[in-house]
Amino acid sequence: MRERNDVVSNQLFWAWLYASGFGQITADPPAPNAYCSLLGVSEQQAIQWSKTFTGSHPGIFDESDGHTNDPATVHVNLANSVRLRLECHPGDRYWFLRGKTGPEFMLAKVGPHWALPGLRVEEAIAIGDAMPRNAWIAVLLLMPVVWLTSGDDIARARQSVESAWTSSKLVSRASAADLASLWVKAVEGGRDYRWRRARGGWRCNAHWSTRSKGRKDRVSLDQLIEVAQ
């Protein structure tokens with residue numbers, strides 16, 4: 001696997017991640033060019049950059065359903081020795097969590113056979129707040145696996161995302177606000193779903209979620225998420 005932590009300072013990475021990261025819960029997701037424009041890149045630039053980044057080549061979707069043996073990865077050390085890993089293939093993106101010891105668990109997946117949502121919005125914000133520095137990286141990496149579900153404070157969520165974009169210094173304050181609004185539009189379709197506190201952690205009634213009832217890793221994920229806060 002190719003570790004590419006350098007990409008967090010590249011507008012093309014964020015344009016690709018956000019422009020291609022939604023659509024599962026809304027019939028009218030923001031146009032990819034909307035993200036690209038606010039990040040100061042063209043949609044074509046983002047597409048071409050992503051092909052190199054993910055290792056895409058003609059025929060890869062027929063050969064391996066868009067998967068590569070050498071995916072690009074981004075690693076972030078969260079609080080209390082929890083590690084976040086984003087694994088990027090031409091056809092899919094995976095989010096994994098791992099503790100100081102023990103195995104890695106898949107938190108979420110964005111792609112044709114997606115596994116979402118992975119986090120409550122309050123958890124994503126708290127994970128960022130718990131980091132001693134560069135909290136914006138964790139927040140922006142995690143927000144694509146968040147759905148705004150029933151009962152969420154949309155105004156607070158928008159403000160947190162706007163603050164993360166502002167802290168990144170990748171965009172102007174005006175663009176940060178617009179990017180936050182685009183994210184809200186992309187994920188507010190989750191309001192028909194809800195999270196509930198259950199024995200051992202939080203459960204989402206969206207059956208695609210890795211933390212829905214019956215998922216084998218749900219308790220382990222709950223524990224890692226709590227530790228990272």
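List of remarks:
- With contacts taken as Cα pairs under 8 Å at a separation of at least 6 residues, the range 114-162 carries a relative contact order of 45 percent.
- Here is the list for the range 79-114: trypsin sites (Lys or Arg not before Pro) lying in DSSP coil, each with at most 15 other C-beta atoms within 10 angstrom of its C-beta, are LYS100.
- The chain - mean residue ellipticity at 222 nm from DSSP helices (-39,500 (n - 2.57) per run, n ≥ 4, rounded to 500): -11500 deg cm²/dmol
- Phi to ³J(HN,Hα) by Karplus 6.51 cos²θ - 1.76 cosθ + 1.60 over the range 139-150, Hz, x for Gly, Pro: 4, 6, 6, 8, 4, x, 9, 9, 10, 7, 9, 3
- Considering only the range 1-98, percent of DSSP beta bridges that pair antiparallel, nearest 5: 85 percent
- Summarising the amide proton neighbourhood of ALA72: residues at separation of 5 or more, or on other chains, whose placed amide H is nearer than 5 Å comprise ARG2, CYS88.
- Whole-Hz ³J(HN,Hα) from phi, Karplus 6.51 cos²θ - 1.76 cosθ + 1.60, for the range 173-186, glycine and proline x: 4, 5, 5, 4, 5, 5, 5, 5, 5, 5, 4, 4, 4, 6
- Across the chain, the relative contact order, built from alpha-carbon pairs under 8 Å that are at least six residues apart, equals 19 percent.
- Part-to-part distance (alpha-carbon centres) for the range 170-199 and the range 52-81, which is given in Å: 25 Å
- Note on the chain: with a GNM built from Cα contacts shorter than 10 Å, the maximum mean-square fluctuation among VAL184, VAL110, VAL219 falls on VAL219.
- In a reduced charge model with +1 at each Lys and Arg Cβ and -1 at each Asp and Glu Cβ, the chain shows a dipole moment near 800 debye about its Cα centre.
All of the numbers you see were taken from the coordinates with simple rules; none came from a lab. In this text the structure is predicted, and so the values were computed from the model without any measurement. Counting neighbours? That spans all protein chains shown, and the Cβs are built from the backbone with ideal geometry, glycine included.
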